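Nothing in this text is a laboratory measurement; each read-out follows from the coordinates by a stated rule. Remember, predicted model here, so these are calculated numbers, not experimental data. Cβ coordinates were reconstructed from backbone atoms using ideal geometry, including for glycine residues, and neighbour counts include every protein chain displayed.
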Amino acid sequence: MNTLLQQVRVIDPVSQTDQIADVLFTENQIQIIDHGNNLDHLPANTKKIDRSGCILAPGLIDLYSYNSQPGFEERETILSLMQAAKAGGFRSVMLLPNTLPAVDQPGAVSYLQELVKQAETDIISPPNLYFWAALTEHLQGEKMTQLAELADTQIIGFTDSQSINSLPLTRRILEYLQPLQKPIALAISDRTLTGKGVMREGYQSLRAGLPGVPSIAETSILSALIELIAYIGTPVHIMRVSTARSVELIADAKRRGVPITASTTWMHLLLNSESISENPIAIPYDPNLRLNPPLPNPADQAALIAAVKSGVIDAIAVDHSPYTYEEKTVAFADAPPGAIGLELALPLLWQNLVTTGELTALELWHSLTSSPAECLGLSMNTMTNLSPAEVILFNPATSWQVTAQNLFCRSINTPWLGQTLQGKVLEIFSEN
């Protein structure tokens, strides 16, 4: 049966359009987007559905999130991750190599691809999962993996997901990978400066009595890395930007033509260090607010939002990091850093940034779709050239409660647990 969505808001970040239209799906194609509401010759058996107030847009792309299978299946499995991604509107998710064992050899890539094939049989219209391969053996930051052999597999690119605190090794990696032309993503954190810090250094960390992570732990590594990239010329994606000074360094590097792109995570845009002791969502010192890098100070948060708006920061990543109840039910300083987000990012970003006017709908969608694709060296089609399985229908007004029963993720480590959110993905126009 053909479907006509009437008076739906169509957001297309590629053509930079945001408009109300009637959209016709027929034979698994988006055949017509009529802006005049004059569809006089509809195909037979066309089902008309009023979708006023809903948004039809490309499915989201996540640059990096953690995969817990193999090794940590109690936190998440490939299947539950797929289900969570689909529920959150993500049609493509790039998974970090931090499994057990790590994704540091071709056999590990093949094994993960088999797990994906098995999971795909249990879900209608599954999202696409892609895998980052490790830059160093066992993610130890000491010895390069067999980069050329891994590049011949179906990986999306290379990252250790944590900073490699050796400039000579980083230089060799960038030189070696240059002819292989695979995306490279690097984290920026000097672990010797981070020490035992658990929140961003500043007034709030002093008030909370918690060891702080100075901003220079991020910017010192970033400054050196920019110099390496400018010297060698290998394009690099900078992960998890979290300070205002980093934004300045990235903006300056881009002006000079240094081949870098950058991303921050969704929670760094929504919360700051004040949220830890004065939590507006749940309990103070919620272990689910311990992140890596830590939540920014208020001025840093404002700079990150402005950088997303201006394009200095290219993309918003989810950095979905599931942990079990037992792992997270500890003191703030003892909790492993990270929180889940695939099912929560879109409604909360919309609710807190778009409805408040800090970002436009197009700016948000661009940072979650076409821009992440560009960071990976990929391109996106306009809405009329996408397949139905690449399109989502999102209703910003739909309310739902964040509970273990309503989440597909096996873990519930989020500060929004028990809260009622507005905004939900209603449908994916599956070809299956």
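Quick look at the values:
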| item | result |
| --- | --- |
| Cα shape, the stretch 358-400, gyration tensor, a/c 1.5 rule | oblate |
| Mean Cα-pair separation over length for the stretch 2-53, i.e. relative contact order, pairs under 8 Å, 6 or more apart, % | 46 percent |
| Likely footprinting exposure, S68, S277, S92, S399, fewest C-beta neighbours within 10 Å first | S399, S277, S92, S68 |
| Local electrostatic count at E149 - Lys and Arg +1, Asp and Glu -1, tallied over other residues with Cβ under 13 Å | -2 |
| Choice from A151, A57, A185 showing the highest fluctuation, given a GNM over the chain with Cα pairs closer than 10 Å | A151 |
| Charge dipole of the stretch 251-355 about the Cα centre (unit charges at C-beta), most positive-ward option of P287, M267, A303 | A303 |
| Cα→Cβ-extended label distance, 7 Å offset, between R171 and E74, nm | 4.5 nm |
| Relative contact order (%) - criterion: Cα under 8 Å, at least six apart; region: the chain | 19 percent |
| Potential lengthening between K143 and Y325 on full extension [0.36 nm per residue; Cα-Cα distance subtracted] | 62.1 nm |
| Local electrostatic count at L289 - Lys and Arg +1, Asp and Glu -1, tallied over other residues with Cβ under 13 Å | 0 |
| Stokes-Einstein D in µm²/s, Kirkwood radius over Cα pairs - the chain at 10 °C with 1.306 mPa s viscosity | 72 µm²/s |
| Alpha carbon centroid spacing (whole Å) that separates the stretch 329-400 from the stretch 1-79 | 14 Å |
| Inter-label distance, nm, simple model (7 Å from Cα along the C-beta direction), Q31/A333 | 6.6 nm |
| Spin-label pair I124/L378, simplified geometry with 7 Å Cα→Cβ offset, distance in nm | 2.4 nm |
| Residue order, fewest to most beta carbons within 10 Å, for W400, W350 | W400, W350 |
| Helical contribution to [θ] at 222 nm, DSSP H n ≥ 4, -39,500 (n - 2.57), averaged over the chain, rounded to 500 | -8000 deg cm²/dmol |
| FRET efficiency estimate (nearest 0.05) - Cβ-Cβ, R207 to S110, R0 45 angstrom | 0.35 |
| Residue (of G107, H41, L349) at the positive-pole extreme of the chain, dipole from beta-carbon charges | L349 |
| Whole-Hz ³J(HN,Hα) from phi, Karplus 6.51 cos²θ - 1.76 cosθ + 1.60, for the stretch 325-341, glycine and proline x | 4, 5, 5, 9, 8, 9, 4, 3, 5, 9, 6, x, x, x, 8, 6, x |
| Within the stretch 20-34, backbone nitrogen closer than 13 Å to the virtual label 7 Å beyond the Cα of Q7 toward Cβ | 20-22 |
| Label-zone membership for the stretch 172-195, site R256, 7 angstrom Cα→C-beta point, backbone N under 12 Å | none |
| Of M380, M82, M94, the one that fluctuates the most in a GNM where the chain has Cα springs shorter than 10 Å | M380 |
| Net charge of Cβ neighbours under 10 Å - reference A185; Lys, Arg +1; Asp, Glu -1 | 0 |
| Global geometry of the stretch 2-53, whether rounded, prolate or oblate, following the gyration tensor of its Cα atoms and the 1.5 cut on a/c | prolate |
| Potential extension, N352-D50 segment - 0.36 nm per residue separation minus Cα distance | 106.1 nm |
| Added length on full extension, which subtracts the Cα-Cα distance from 0.36 nm per residue, I281 to S310 | 7.6 nm |
| Student exercise, the chain dipole from Lys, Arg, Asp, Glu Cβ charges, in Debye to nearest 20 | 520 debye |
